[in-house]
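Participant: Okay, handing you the structure first.
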Amino acid sequence: MKPETYEILNDPELIAIRDDYFRRMQDVYDGCNNGQPAFVLSGLTPPCDVPEGASLEEEMHLGFDAMASEAHLMRDDRIFRQVASGASGHGLGWEDDFFPLPAEPDPVTKLRRIAEPVGCLEMPDLDKCQGWQNMKRSTEIFLEADIKLPLFTAVAMSGPIVEAVSLYGAEKFLLAMLDDPEAARNDLQVLANIAIEMRQWFIDNVPEQQLQGIIHRLRGQPPGYGQIDGCTIQLLGPNHYRELAGPCDDAILSIYPKGGMIHICGYHTHHIPFWREMKSLKVLQLSGDAMTDLAIYHKELRDDQLVFVSPHATMLLPQIMEITQGRRVIIALYPKDLDKIESEIDAYGLVGA
C-alpha cells in the first residue's frame, strides 16, 4: 500500500461525506425523505491490475491503492459514490471443498453437477475449505490495514435455492421439490446454514459502518443490512417458495440487525404476498425484466419496504420517477446514465414537494 493511500482512505472529510449519505439513505428506508432529492447511488469500481502470481496480501493492497486513486470522486453532493474493498478467495471457490462435485464437467452441458440424489448434502467443516480461509484472511488484511473509509463487501453467496439449482441443475432440483420435498428441504437448510455461518463471521469481525452484503456499486445499503441473490426464485410457485425456500431466505436475512435485500431479475410478483409477511425483508433490488413490474412492487409491498432500481429497456428513468415520485426507491445508476440526473430525475423536484 502506498503511503498516501493510508491517508486518503482515512480522510475524515470523506468519511463524513460517506456517513451523511448513509444517513440520507436511511431516511429513504424509513420513509422520511420528503424535501430531499430522489436518492441516487453509483458506487465506484476502479480498475485494478493484479499481476499473475501475486500473493493475497499484494492483491488486497493493490486494491487499496486503486480505491485511493478514485476516492476524490466521493466529493459529490448529488450521487453516493462510495469506494469498497471485499473478501477474496484468491482464485479459489468453496463449492469443491464443500460438496461432491465431479472433477470433469458433463460433456453435454459443460457444467459440473452433483450426481448423487437430492438430499445428499451435509454441513461441511468450513475450516477445511481453502477458498473460505482465503476470504477470511483477506478480511483480516483489510482490518489490519486500519482504513476507515472503504466499505467491505462480504462473500456473495446466493440464496439457498439459487445455490441448489446451480449444484444439481434446475430440472433435477425442482423436480425433487415436487417428488421429495423433505430431501429438497434438507439441502436448502444445509445451504442456508453455510450462508449463516459465513455471514455471521463477517458480522462479528467487520465494523458495521463498513460491512456490506454484496457488491456495493448498485446495491450498497446503510449499515446493518444484508443481501441475498434470488434470481431463481421466479421458477418456484408461491407454495413451494413459502414452504421450502422462503423460510431459508428469511433465516439468512434475520441475522442482520436491520434485515436486508433480495436481488431479483425476471418475474417474481407471485411471491409478493410472502414477501409482505417477511419481516426481515426490507428491499427488493429489481434488475432486468423485474423492472417491468416496478409499479406492482412499489404499490403492493409494505410501506416500510422499498425498491432499488436501474433504468432498463422496459423502464426508463422518467417512468421510474413517475411511478415512485422518489419515495421508497433508491435509483442505482451505471456511469453511462449519470448525465441524465438533472433532466430525468431532478426535473421532478424534491420528494413530497
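Participant: Sequence-distant or interchain residues sharing an amide H contact under 5 Å with Gly119, placed H: which?
Facilitator: Answer set, sorted by chain and number: Asp187.
Participant: Which three numbers, in whole Å and largest first, are the semi-axes of the equivalent ellipsoid of the stretch 143-201 derived from its Cα gyration tensor as √(5λ)? Spell out each step's value before the answer.
Facilitator: Values: eigenvalues 225, 26, 8 Å².
Values for the stretch 143-201, descending: 34, 11, 6 Å.
Participant: On a full-extension model of 0.36 nm per residue, what is the gain between Glu4 and Asp20, subtracting their alpha-carbon distance, rounded to one decimal in nm?
Facilitator: Details: separation 16, 0.36 × 16 = 5.76 nm, distance 2.42 nm.
Gain in length upon complete extension: 3.3 nm.
Participant: Could you please report the charge total around Ala192, scoring K, R as +1 and D, E as -1 over all other residues with beta-carbon less than 13 angstrom from its beta-carbon?
Facilitator: Residues close to Ala192 contribute a combined charge of -3.
Participant: Right, next: Counting only Cα, what are the radius of gyration and maximum Cα-Cα distance Dmax of the chain, in Å?
Facilitator: 20.7, 60
Participant: If you don't mind, another one. Among Ala295, Ile252, Cys129, which residue has its Cα positioned farthest towards the positive end of the charge dipole of the chain, with +1 placed on the Cβ of Lys and Arg, -1 on the Cβ of Asp and Glu, and the dipole taken about the Cα centre?
Facilitator: It is Ala295, whose Cα lies furthest towards the positive end.
Participant: Now for a different question. As an exercise, use a Förster radius of 22 Å and the Cβ-Cβ distance of Glu144 and Met123 to find the FRET efficiency, rounded to the nearest 0.05. Before the final figure, lay out each step's value.
Facilitator: Numbers: r = 30 Å, r/R0 = 1.37.
The pair Glu144/Met123 has a calculated efficiency of 0.15.
Participant: If you don't mind, another one. Show the residues, 5+ positions off or on another chain, whose built amide H is closer than 5 Å to the amide H of Asp229.
Facilitator: Those lying under 5 Å, H to H, from Asp229 are Gly159, His263.
Participant: Enumerate by residue number the chymotrypsin sites (Phe, Trp or Tyr not before Pro) in the stretch 261-353 meeting two conditions: DSSP loop (anything except H, G, I, E, B), and at most 16 other Cβ atoms within 10 Å of the site's Cβ. If you can, show how the numbers build up before the last one.
Facilitator: Values: sites: Tyr267, Phe274, Trp275, Tyr297, Phe308, Tyr348; in loops: Tyr267.
Filter output for the stretch 261-353: Tyr267.
Participant: A further question on this structure: What list of ³J(HN,Hα) values in whole Hz, one per residue of the stretch 120-131 in order, does the Karplus curve 6.51 cos²θ - 1.76 cosθ + 1.60 (θ = phi - 60°) give from phi, with Gly and Pro shown as x?
Facilitator: 8, 6, 10, 5, x, 8, 4, 5, 8, 9, 5, x
Participant: I've got another one for you. Scan around Ile330 for amide H atoms under 5 Å from its own, H built in the peptide plane at 1.01 Å from N, and keep only partners 5 or more places away or cross-chain.
Facilitator: Residues meeting the criterion, in which the H sits 1.01 Å from N, are Val307, Phe308, Val309.
Participant: If you take the charge dipole of the stretch 1-123 about its Cα centre, with +1 on Lys and Arg Cβ and -1 on Asp and Glu Cβ, which of Ala68, Val83, Cys32 is farthest toward its positive end?
Facilitator: Positive-end residue among those listed: Cys32.
Participant: Assuming a strict under-27 Å limit between Cα atoms, what lysine pair count do you get for the chain once near-sequence pairs (fewer than 8 apart, same chain) are dropped?
Facilitator: 14
Participant: Diagonalise the Cα gyration tensor of the stretch 215-353 and give the resulting equivalent ellipsoid semi-axes, square root of 5 times each eigenvalue, largest first, whole Å. Show your work: numbers first, answer last.
Facilitator: Details: eigenvalues 135, 50, 38 Å².
Values for the stretch 215-353, descending: 26, 16, 14 Å.
Participant: Rounded to the nearest 20 Debye, what is the dipole magnitude of the chain about its Cα centre when Lys and Arg each give +1 and Asp and Glu each give -1 at the C-beta?
Facilitator: On the way: 30 positive and 54 negative charges, 204 e Å.
That gives a dipole near 980 debye.
Participant: Next up: Give the residues of the stretch 228-251 whose amide nitrogen is closer than 20 Å to a point set 7 Å from the Cα of Glu208 in the direction of its Cβ.
Facilitator: 228, 251
Participant: Give, as ranges by residue number, the residues of the stretch 130-144 whose backbone N falls under 19 Å from the point 7 Å along Cα→Cβ of Ala54.
Facilitator: Inside the label zone: 134-144.
Participant: Sticking with this one: How much length would be gained if the chain were fully extended between Tyr334 and Lys258, taking 0.36 nm per residue of separation minus their Cα-Cα distance, in nm to one decimal? Working shown, then result.
Facilitator: Working: separation 76, 0.36 × 76 = 27.36 nm, distance 2.67 nm.
Residue separation times 0.36 nm, minus the Cα-Cα distance, leaves 24.7 nm.
Participant: Report the equivalent ellipsoid semi-axes for the stretch 13-85 in whole Å, largest first, defined as the square roots of five times the eigenvalues of the gyration tensor built from alpha carbon atoms.
Facilitator: Values: eigenvalues 198, 24, 19 Å².
They are 31, 11, 10 Å, listed from largest to smallest.
Participant: Through the Karplus equation 6.51 cos²θ - 1.76 cosθ + 1.60, θ set to phi - 60°, convert the phi angles of the stretch 31-43 into ³J(HN,Hα) values in whole Hz; use x for Gly and Pro.
Facilitator: 3J(HN,Hα) across the stretch 31-43, in whole Hz: x, 10, 9, 4, x, 10, x, 4, 7, 10, 10, 7, x.
Every read-out reported here was derived from the displayed coordinates using simple, explicitly stated rules and does not represent laboratory data. Every value quoted in this text rests on a predicted model; they were computed, and no experiment measured them. Note: ideal-geometry Cβ built from the backbone for every residue, glycine included; neighbour counts use all protein chains shown.
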